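Just below is one structure, and these are the notes that go with it.
The values are calculated or read from the model by the stated rules, or taken from the named source; none is laboratory data. This one's a predicted model, so the numbers in the text were calculated from it and none came from an experiment. Counting neighbours? That spans all protein chains shown, and the Cβs are built from the backbone with ideal geometry, glycine included.
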Amino acid sequence: METPGSQSSLHRANLERVVRAVRLAGSLTQAEIARTTGLSAATVSNIVRELKEGGTVEVTPTSAGGRRARAVSLSGDAGIVIGVDFGHTHLRVAVGNLAHQVLAEESEPLDVDASAAQGFDRAEQLVNRLIEATGVDRAKIAGVGLGVPGPIDVESGTLGSTAILPGWTGTRPAEELGARLGVPVHVDNDANLGALGELVWGSGRGVKDLAYIKVASGVGAGLVIAGRIYRGPGGTAGEIGHITLDESGPVCRCGNRGCLETFAAARYVLPLLQPAHGTGLTMEGVVRLARDGDPGCRRVIADVGRHIGSGVANLCNLLNPSRVVLGGDLAEAGELVLGPIRESVGRYAIPSAARQLSVLPGALGGRAEVLGALALALSEMGDSTLLDGTLHAPAPAFT
């Protein structure tokens, strides 16, 4: 029997510390594990050997700084995680393993007027199809990460008001999908998952403090502080779209006037271009036309960039992130939008905060949220289940 403070309990804690570090990073050298966990190199070497013999991790030769090293990752057979992302017009699902390898991924259109029950039925069908296609053992599913385009109440798991999927307000997405799949489901909003995806796989790698700005039908931000998503006590942190830019501006869906969203979101921006381009224009089309030289589209994108930059400047003054990652279709505009964002940050942010900030386009495009859902499932699973060989330890349906 292990007792607190005993040698066996200390060893167990060190095992879990190493497994957690590798699980969150995907792959680390032994030297990186030592730096991340604070354990000595000798202790890490012994633990890695023990984990390798038990089949929990795999060790492969690599190089670091020009020197030979050994990369440690969780075994591809150790477990499976699933990511599900509900967007304005799409449903995307990915299946990955604990070594951060994506085994299968598929997206299909989603009717914005579909009920929550219809959406979850579609998600269940798509998950089952991908599991069958990959041939993975359902017993090895460690958890599911779920992304929805709206705020989630931290205590109840209830989806708040959302203009993107209006029929879903008041539902409990994690509970609904968990009942269908029979595994733990962890839910978050799409901006937070975009931040997680870019942090683990994309433009946020290597930093601990960043903001992921998603501009689509609305404007939201996922905030990463000290390497972790910051949600706030009510789960509404990052609502950058409702920073007031002009108290006499257009009325926002939140009831206030002149929110950033009313100057940057697609529903407000696209009508500006209808006289020249008609009603069928999308933000993706605006970006394409701007890159081809259309002066009206270039002007609108530059204006949007300056407005977003004002919101980013506020974030810099409050949180001082080291990186801002722009996601959504707008990121494809490159310097046409990034330049104006940097211009506004330089004008409105505290100079020291502006100097430390880098503004980059997202590297993952439309995949950021579903990969973030995989990262969420990876971050929420327990390490003891891996060491004990039992994935389905009791876990709450919502975290």
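For Ala221, the stated conditions do not hold, so it cannot be described as in contact with a Phe, Trp or Tyr (Cβ under 7 Å, 6 or more places away or on another chain), among the hydrophobic types (A, V, I, L, M, F, W, C) and assigned to a loop (DSSP other than H, G, I, E, B).
Does Leu318 fit the bill of being closer than 30 Å to Lys208 by Cα and without any contact (Cβ under 8 Å) to a residue 40 or more places away in the chain?
On the way: closer than 30 Å to Lys208 by Cα: yes; without any contact (Cβ under 8 Å) to a residue 40 or more places away in the chain: yes.
It is true that Leu318 is closer than 30 Å to Lys208 by Cα and without any contact (Cβ under 8 Å) to a residue 40 or more places away in the chain.
On the given criteria, is Leu146 closer than 30 Å to Thr37 by Cα and either in the same structural domain as Gly327 (by TED's automatic domain parsing) or crowded, with 22+ Cβ neighbours inside 10 Å (or both)? Yes; evaluated as a whole, the condition is true for this residue.
Tell me, yes or no, whether segment 291-308 has at least one residue that is within 14 Å of Ala211 (Cβ to Cβ) and touching a Leu at 6+ places or on another chain (Cβ under 8 Å). Yes; the residues of segment 291-308 include at least one that is within 14 Å of Ala211 (Cβ to Cβ) and touching a Leu at 6+ places or on another chain (Cβ under 8 Å). Which ones in segment 188-217 are over 11 Å from the mean Cα position of the chain (by Cα) and either surrounded by fewer than 24 Cβ atoms within 10 Å (Cβ to Cβ) or of a type in the set (Ser, Thr, Tyr) (or both)? Passing the criteria: Ser203, Arg205, Gly206, Val207, Lys208, Asp209, Ala216, Ser217. Summed over segment 121-143, residues that are surrounded by fewer than 21 Cβ atoms within 10 Å (Cβ to Cβ) and among the aliphatic types (A, V, I, L, M) total 6. Listed by first and then second residue, the pairs linking a residue in segment 108-122 that is assigned by TED's automatic domain parsing to the domain that holds Thr169 and under 12 Å from Gly87 (Cα atoms) to a residue that is outside any helix (DSSP H, G or I) and among the aromatic types (Phe, Trp, Tyr), with Cβ atoms under 9 Å apart and 6 or more places separating them unless they lie on different chains, are Leu110/Phe86; Gly119/Phe86.
Select from segment 218-229 the residues that are under 14 Å from the mean Cα position of the chain (by Cα) and surrounded by fewer than 16 Cβ atoms within 10 Å (Cβ to Cβ) and write down the one among them that is modelled with the lowest pLDDT.
Kept after step one, since they are under 14 Å from the mean Cα position of the chain (by Cα), are these residues of segment 218-229: 220-225, 227-229.
Now restrict to residues that are surrounded by fewer than 16 Cβ atoms within 10 Å (Cβ to Cβ): 225, 227-228.
Working: Ile225: 94, Gly227: 86, Arg228: 89.
Applying the filter and picking the extreme gives Gly227.
Out of Gly234, Gly285, Gly293, Gly280, report the one residue that is in a helix (DSSP H, G or I), of a type outside the set (A, V, I, L, M, F, W, C) and in the same structural domain as Leu210 (by TED's automatic domain parsing).
Details: Gly234 fails: in a helix (DSSP H, G or I); Gly293 fails: in a helix (DSSP H, G or I); Gly280 fails: in a helix (DSSP H, G or I).
Result of the check over Gly234, Gly285, Gly293, Gly280: Gly285.
Condition (residue is more than 17 Å from Asp246 (Cβ to Cβ) and in a loop (DSSP other than H, G, I, E, B)) applied to segment 300-316: is it met by at least one residue? No, every residue in segment 300-316 fails to be more than 17 Å from Asp246 (Cβ to Cβ) and in a loop (DSSP other than H, G, I, E, B).
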